[in-house]
Each structure stands twice: as structure tokens, then as C-alpha cells.
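Taking it in order: structure first as C-alpha cells, then the write-up.
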Amino acid sequence: MITNQRDIDKYYDMLVEKNSNYEGVFFVGVKTTGILCRPTCPAKKPLKENCEFFSTAKEALLASYRPCKRCEPLSNPTKLSPAVKLLVDAIEKNPEKKWTDKDFDELSISANTARRQFKKQFGMTFIEYARSRRLGLAFKHIRGGNSIINAQIESGYESGNGFRDAFSKTMGEVPHKSKDITILYSAWLETKLGSMLAISDDDSLLLLEFVDRKGLETEIKKLRMRLNAAITPEKTIIIQQIEAELAQYFNGELIDFKTPIRYIGSDFQQNVWEELRRIPIGETISYKGLAEKLGRPTASRAVARANGANQLSLIVPCHRVINTNGALGGYGGGLARKEWLIKHEKMVPK
């Protein structure tokens, strides 16, 4: 989400003017309706305080907004094809659905056609679109910060568009009375590099990830299964602490995170993550070099897998690991973020 006030002011003016020069530059989410629009939408303009601006459509979908049927913000520059429109409508009716080839066959649409046309019109595949919409619904109450989510879901809130299933299948059913289920807490945090999801228990932070990270939904479910947990929205003291530290970090005022953390992984993974935390800010290391520091010089691939399994982004600085030839290598949060983080940390006063 765009947080710079100057950009927000400018984009709102362009929205009011319906300035076509800003098509594709930003998208606007209307808080009061949950609708995502393009700058030139013909609908009545909302108040500025009811607007959120996004650089990409994917960000907006993850923030729980659904595309406006009047301006079709995701169809730029062409109108939606009949096949794509049919699939978009199907997702809105059943956003928690996990799609298979059989589902496409029942709609007389080729899975390859869906993949190709979604990529052309939305800049993301059908699976990415469906996942973003599903996660967006699951994140909706997290963004709102509601702490008594189960009562609100039970009351039928948005039950017609699959909200309950989208939330509970990702975050788990929060029980009214149970001593067997661990309750974890979650909050949506805004940063200079995009929105992040934080999950904690009462004592430590368990997960911190960018919300558009590939595989985040799987990470959350694995965390729940491992701890026999359900996740409810609440900004705990632990999450408040990491939120404050993230602000300091992105302002170049923080070298080491102090928020208490808890690793959820094998002994080998935990050893890798501890070694990652020993890499000084502003420095990088190769996967091979990291393996050697661990006393496992032939385990570069295993180290890389453990690096990729890290669930505490930034705190456990997996972005500081690069290829032996100096290339960036992989990063779950995206290579553009990895490059920015490495450059940013080199400028932080030691």
C-alpha cells in the first residue's frame, strides 16, 4: 500500500480528475465498499479518508478489495474476455476454492487458456489471482484488528461470499471453549516495502512475512498444524514491538532486532537461522560460505533450503545470502526487495 502522504494527495487529485495518464500507475481501494477501482472510474468519488492507494493490483487483492464491475480495473488495456469474466465471477462466488483441471473442464475452459489470458490481462496467472483474492479475504479482519473474530463470523458477516471459509481454512477455527487449541495472534503491518503479516503468541514472534510472498498460505497452515493452533487478529505487545522496530529499521536507525522470537523448525534449520543472525548488517555471504561457517562445507543446498524456510523475514536476514558469483540468488519476498534491502543496509550507520 502507498503510504507517502504526498503521493496519496497527488493520486487522490488524479482520481477526482479521472486523469487517464495515471492508468496503471495506481489503483484505489474504497474502504467503505471494499471495491477496487482504476483512476478513471465513472463512479462517484469517495472521500480521501476512505481511500487506500496501491501500486499493483495484487497488493489490492491481498488487502481484501474486489474489482469494481463498472471500471474493471484489472482489465487494462482490454476488456475482459468471456472466459476470464466467467472465472472472475466464479472466484467471487467461491473464493476459498482450490482449483483443479476438473473444475476448468466443468466450465469448458482450458486451464492453459485461463493461465495465459489471466497473465495477459492481469499480469498474474489465474492461480495467483485466485490465491490473492482468497488470502485477501482471510486477511480482511486482520487488517481491521478485530480481536473477537469468531463471534463476528458466526453472526453471518459476509457469509455470502465465502469469507468464513476463506478465513478459517487459512487461519483455523477459533474455538469458543477449548484447552486443546493454542491461540496465536496476528496483525497487518505497513512498511516501505509493502504490507507484512506478523503472527505471535503471548511471549514471542513466530512469523513475519511480506503478504505477497509466494507460499505464505502454506507457511501459515504449517505453523498452525505444528502448534495445533488457530489464529485470531490482535496486535499483541510482541507485535507492537516488532512494528516499532520495523519503522526504525526502514528509517536506517536499527542494527539488531530485539523482539523475542521463537523458531519453528528442525535443529538443522534453527542452526542455519542462528548463523544468519550473526551476519553483520551491511554484509553478505554466499550459500557456500554459510555452509562452511556451520561446519557443513558440502551442505550448500541444504543450507539454501533452510534459508528459504525462514519464517521471520528481516529479523533472520536470509536476504543477506547471495550466490558465490555475486548474483542475488533467490528470495521469497522477491528479488527487487532483496536488492533494496542489501543496498539499504549498506547505508545504515554502524
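Count the DSSP beta bridges whose two residues both fall in segment 1-68, then state the antiparallel fraction as a percent rounded to the nearest 5.
If I count the DSSP bridges inside segment 1-68, around 80 percent turn out antiparallel.
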For the chain, what does the helix formula give at 222 nm: sum of -39500 (n - 2.57) over DSSP H segments with n ≥ 4, over the residue count, nearest 500 deg cm²/dmol? -12500 deg cm²/dmol
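Determine the percent antiparallel among the DSSP beta bridges restricted to the chain, to the nearest 5.
Working: 19 of 30 bridges.
About 65 percent, rounded to the nearest 5.
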Which angle between 0 and 90 degrees, to the nearest 10, do you get for helix 335-346 versus the longest principal axis of the chain when only C-alpha atoms count? 50
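Could you compute the net charge surrounding residue 13? Neighbours are other residues with a C-beta less than 14 Å from the C-beta of residue 13; K and R count +1, D and E count -1.
Numbers: positive: 6, 10, 18, 45, 48; negative: 7, 9, 17.
Surrounding charge for residue 13 is +2.
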Each residue of segment 220-225 in turn: what ³J(HN,Hα) in whole Hz from Karplus with 6.51, -1.76, 1.60 and θ = phi - 60°, glycine and Pro shown as x? 4, 5, 5, 4, 4, 5
Round to the nearest 10 and give me the degree value, 0 to 90, for the angle of helix 267-277's Cα axis relative to the longest principal axis of the chain. 90
If you fit an axis through the alpha-carbon atoms of helix 126-144 and take the longest principal axis of the Cα set of the chain, what angle between them do you get, 0 to 90°, nearest 10? 80
Under the rule of at least 5 residues apart or a separate chain, name every residue whose amide H is placed under 5 Å from the amide H of residue 236. none
How would you classify segment 1-68 from its alpha-carbon gyration tensor, with a ≥ b ≥ c the square roots of the eigenvalues: rounded for a/c under 1.5, else prolate if a/b is greater than b/c, otherwise oblate? rounded
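Computed from the coordinates by the stated procedures, all read-outs in this text should not be read as laboratory data. If you're wondering where the values come from, they're calculated on a predicted model, not measured in any experiment. Here Cβ is always computed from backbone atoms with ideal geometry, including for glycine, and neighbour counts include all displayed protein chains.
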